Amino acid sequence: MKILVIGSGGRDHAIAWKFAQSPRVKHVYVAHGNAGIARTATCVDARSIEDMAAFAEKERIDLTFVGPEKPLSAGIVDLFESKGLAIVGPDKRTSCLESSKCDTKILLRDLGIPVPDFEVFSDPQKAKDYVGQVGYPVVVKADGLAAGKGSLVCDSVEDAREAVRAVMEERIFGDAGARVDVERRLYGRELSFFCFTDGYSVVPMVAAQDYKRAREGDRGKNTGGMGAYSPHPWLDDALVRTIMARVAEPLIHGIREKHGIVYRGILYLGLMLVNESSGIVPYVLEINIRLGDPEAQVILPRLETDLVDICEAILTGRLAQTRLVWDPGYRLCLIAVSGPTKGKKGWYKGYPDRYKIGLPITGLDQIDPRVLVFHSGTETDSNGTWITTGGRVLCLVSRGETLAEARAVALEEMKKISFEGLYFRSDIGLE
Ligand code: GLY
């Protein structure tokens, strides 16, 4: 089979790597990929969804899998299906579950799924008045897509007013900030929970702990994700049943029965587990329509079932008959990011703020072959030297019988990598 993976980051590298493991796969293409991904698959310079579809038709691709949310929101699934091309991912209408935080919160509340108390605003003054009146700390969320950085966690009323100003008036996330969802800040344990679904059956994957804040000790700005590990220490069978019964199943069946939406692909629930007198309640903070980055980097290496078989079951509505097999061992991922560096006109603060690119990377050839290296933002220069091209640069994924073992291996391997300003969170998996 010929597989096409859409994407160019660490998650997409992990997806391409997973497909390449399948005995059923002859060739993996990635559009548009990066230099690291090119060591695993053939990268194709197709940037628009129309070019991707043209490539898939010309090359007679058997199956396409979409990594990021943007092509899904742009309607890549609708386009491929209109040409008779097999593609895994939700269609444009379903993708609004990720691309409108406000409408999704309203939909979830209507379906009786636990969500934090919230209000939606398109008038910044009304939002500022509201955060002064509610009497509890809030999170201000841009309505639209903001590369995982659109949630501003506020400690005070002043912080919240400033967040509203920045999102709605300064438009730091562009038009994504035309509306905001202002929701009660919950305190508990965050969990990224993933399912495969064919729109009728929902099958849970193993869960992962993501680390969104930029700095050690969960401080600093929100990022796309600084590291992850799996399995998750809180997630036992009873909690999986609770999440499926209270969130995943009512959502997939509710949107089909009430709104005519048949959700096919990956469901990613961003949950806050809150210990209440009735037990643990899984509140939905956000819904994403794709695998997480870097959660995919720790989940896919644990998946022993062939991803091609799962994709075919999704596309033919046979997911209920598919049994997933997982390696019980731990996987832990550390992300090397472009940290603070000195520029000509002063300091670059580093990811998720401004950072330098084009910096030579050394040590990749020293990494223990048992450790997986997924590339997020790399290129090779004319001499074949690896250089940085993004905020998140590289992910190292280790395996261990325990979380502590996986953590120790990843930290040891990270010492071998070097580039100017390299920063990583050394507290990933420090429970
Ligand atoms: N790790 C968070 C995300 O993929 O959105």
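Only one of the listed residues (92, 18, 70) is basic (Lys, Arg), open to solvent by less than 40 Å² (accessible area, probe 1.4 Å) and on the phi < 0 side of the Ramachandran plot. That residue is 18.
Among the strands (runs of 3 or more DSSP E) confined to segment 1-82, the ones with at least 1 residues that are farther than 20 Å from residue 311 by Cα are located at 27-32, 42-44.
Cβ separations smaller than 6 Å between residues 6+ apart or across chains give the following pairs from segment 111-138 residues that are under 18 Å from residue 179 (Cα atoms) to residues that are modelled with pLDDT under 95 and in a loop (DSSP other than H, G, I, E, B): 138/154.
Looking across segment 101-120, the residues that are in a loop (DSSP other than H, G, I, E, B) and open to solvent by less than 10 Å² (accessible area, probe 1.4 Å) come down to 113, 116.
Go over the candidates 146, 127 one by one and state the one that is outside any helix (DSSP H, G or I), in contact with a Phe, Trp or Tyr (Cβ under 7 Å, 6 or more places away or on another chain) and either surrounded by fewer than 18 Cβ atoms within 10 Å (Cβ to Cβ) or of a type in the set (A, V, I, L, M) (or both).
The match here is 146.
The residues listed here are 315, 300; of these, the one that is assigned to a helix (DSSP H, G or I), more than 16 Å from the ligand (Cβ to nearest atom) and modelled with pLDDT of 95 or more is 315. Number of residues in segment 267-297 that are within 16 Å of the ligand (Cβ to nearest atom) and closer than 18 Å to residue 241 by Cα: the value is 7.
Filter segment 211-220 for residues that are basic (Lys, Arg) and under 19 Å from residue 272 (Cβ atoms); which is most open to solvent (accessible area, probe 1.4 Å)? Here the residue is 219. Of the strands (runs of 3 or more DSSP E) lying entirely inside segment 319-431, those containing at least 3 residues that are more than 24 Å from the chain's Cα centre (by Cα) span 341-343, 346-348. Scanning segment 184-219 for residues that are out of contact with any helix residue (DSSP H, G or I) (no Cβ under 7 Å at 6 or more places or on another chain) and among the acidic types (Asp, Glu), which turns out modelled with the lowest pLDDT? Checked segment 184-219; the qualifying residue modelled with the lowest pLDDT is 190.
Among the residues that make up segment 370-377, is at least one of them basic (Lys, Arg) and either touching a Pro at 6+ places or on another chain (Cβ under 6 Å) or surrounded by 14 or more Cβ atoms within 10 Å (Cβ to Cβ) (or both)? Within segment 370-377, none of the residues are basic (Lys, Arg) and either touching a Pro at 6+ places or on another chain (Cβ under 6 Å) or surrounded by 14 or more Cβ atoms within 10 Å (Cβ to Cβ) (or both). Could we say that residue 271 is under 17 Å from residue 191 (Cα atoms) and open to solvent by less than 40 Å² (accessible area, probe 1.4 Å) here? Taking the combined requirement at face value, the residue satisfies it.
Please work out which residue is modelled with the lowest pLDDT, limiting yourself to segment 149-180 and to residues that are surrounded by fewer than 19 Cβ atoms within 10 Å (Cβ to Cβ) and assigned to a loop (DSSP other than H, G, I, E, B). Looking at the filtered set, the residue picked out is 149.
Test residue 309 against the stated conditions and say whether it is outside any helix (DSSP H, G or I), open to solvent by 20 Å² or more (accessible area, probe 1.4 Å) and away from the ligand (no atom under 16 Å from the Cβ). It is false that residue 309 is outside any helix (DSSP H, G or I), open to solvent by 20 Å² or more (accessible area, probe 1.4 Å) and away from the ligand (no atom under 16 Å from the Cβ). Within segment 381-397, residues that are within 15 Å of residue 12 (Cα to Cα) have Cβ atoms under 9 Å from residues that are at pLDDT below 95 in these pairs: 392/223; 392/224; 392/225, counting only partners at least 6 apart in sequence or on another chain.
The values are calculated or read from the model by the stated rules, or taken from the named source; none is laboratory data. Bear in mind the structure is a predicted one, so any value in this text is a computation, not a measurement. FYI the Cβ positions are ideal-geometry reconstructions off the backbone, even for glycines, and counts take in every protein chain you see. Heads up: the accessible areas ignore ligands, DNA and RNA and are worked out on the full protein's heavy atoms, side chains in. Shrake-Rupley method; radii C 1.70, N 1.55, O 1.52, S 1.80 Å.
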